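See structure below.
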Amino acid sequence: MDSTREVDVVVVGAGQAGLAAAHHLRRGGFAPDSGFVVLDHSPGPGGAWQFRWPSLTYGKVHGMHALPGMELTGADPARPSSEVIGAYFAEYERVFDLRVRRPVDVRAVREGEGGRLLVETSQGDWSARALINATGTWDRPFWPRYPGQETFRGRQLHTARYAGPEEFAGQRVIVVGGGASGTQHLLELAPYAAATTWVTRRPPVFRDGPFDEDAGRAAVALVEERVRQGLPPRSVVSVTGLPLNDAVRQGLRDGVLDRRPMFARITPEGVEWPDGQRLAADVILWATGFRAALDHLAPLRLRGAGGGIRLDGTRVAADPRVHLVGYGPSASTVGANRAGRAAVRDIRRLQAGDPAVAA
């Protein structure tokens, strides 16, 4: 095991937010390996995109914003998004010489010596003056718990393990979740499955018309206010509603997106509602989202009474050495780019002794 290595900044995660932060560190005068290091536990470049199902082609991706300093051009819309974006991220790392180390599992971040942070990993320890956490949510799929769940004789899976619609051919599928992934999977599954049923806790809200810049800023502001108060963040999508595009309109007309309220319990054969009505199923697909992957930060005790981590911009209010990017209001590709830039700006101010940042 190597002895503890020292750098100014450790970046944890090499998805959109981590690479954007690394790019701004490079531009800000931090040298790779000596000034900063990027640690990524994934097997290859691409962040969470590399794990997307093959039928999610690049042409179906909504809102993929280019990384700072290099556009994604000439991509084949029929090619799987995992391949397109994985190749783009790999080229980005090469062009800007970001020297991402992988696979490296960050196990814990705790208080080190001399006011530094100790980052414990599967490949040895690092001592840093600041940390940019860009671990995203993909590694923490959220599974709700319902009575009888363990008795179901069919298959249960989360969308994180969805490989495509063909595996559900001829099966009765219940899709649980009111987000964009739920509607995408329903529309894709319907031609293959024997039957599909959509179940959500709250009635879905569809957004018609263009989603302009002002609306986007207003949505981000709502999420930002939650993290400023130390509450667990909601996704930006949760406050914008579901886009009412042509495919969704057709799904509504065909009855594929005919939503039913949440069931009360799971039975061995399917699900049951409070009024006793039952529905048989072969598969329950949980399109119930993800939670931020932050367990490695637990030794720093950053969570507040509200259950979340209170932020000032990207900076953790309780510890100005730690920044969360791709979290809460910056959990989008364009938001992640901006968050990376803001985090690096604050880190430079911190290291220069700016009392407004160190407070």
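Every number in this text was worked out from the coordinates using simple rules, so none of it is lab data. Remember, predicted model here, so these are calculated numbers, not experimental data. Glycine gets a Cβ as well: all are built from the backbone with ideal geometry, and neighbour counts include every protein chain shown.
For the chain, the longest principal axis of the Cα atoms and the long axis of helix 213-228 meet at an angle of about 70 degrees.
Ranked from highest to lowest mean number of other Cβ atoms within 10 Å per residue, what is the order of the peptides 21-32, 303-314?
Numbers: 21-32: 20.5, 303-314: 17.7.
Ranking, from highest mean packing down: 21-32, 303-314.
A crude spin-label estimate for the pair E91 and R27, with each label 7 Å from Cα along the Cβ direction, gives 2.0 nm.
Residues with beta-carbon under 11 Å from that of H65, excluding H65: net charge, scoring Lys, Arg +1 and Asp, Glu -1?
On the way: positive: R338; negative: E71.
Net charge in that neighbourhood comes out at 0.
Using the beta-carbon distance between E71 and R349 and R0 = 25 Å, what value does 1/(1 + (r/R0)^6) give for FRET efficiency, to the nearest 0.05?
Values: r = 30 Å, r/R0 = 1.19.
In this case the efficiency is close to 0.25.
By the gyration tensor of its Cα atoms, with a ≥ b ≥ c the square roots of the eigenvalues, what is the shape of region 284-359: rounded for a/c under 1.5, prolate for a/b over b/c, or oblate? Judged from the Cα gyration tensor, region 284-359 comes out oblate (a/c at least 1.5, b/c at or above a/b).
Judged by the mean number of other Cβ atoms found within 10 Å, the most tightly packed of the peptides 329-341, 85-97 leads the ranking 329-341, 85-97.
Remark: spin-label model distance V334-R260 equals 3.8 nm, labels positioned 7 Å along the Cα→Cβ axis. The charge dipole of region 1-116, taken about the Cα centre with unit charges on the Cβ atoms of Lys, Arg (+1) and Asp, Glu (-1), comes to about 220 debye, rounded to the nearest 20. Here, the chain has an Rg and a Dmax of 21.7, 65 Å when only alpha carbons are counted.
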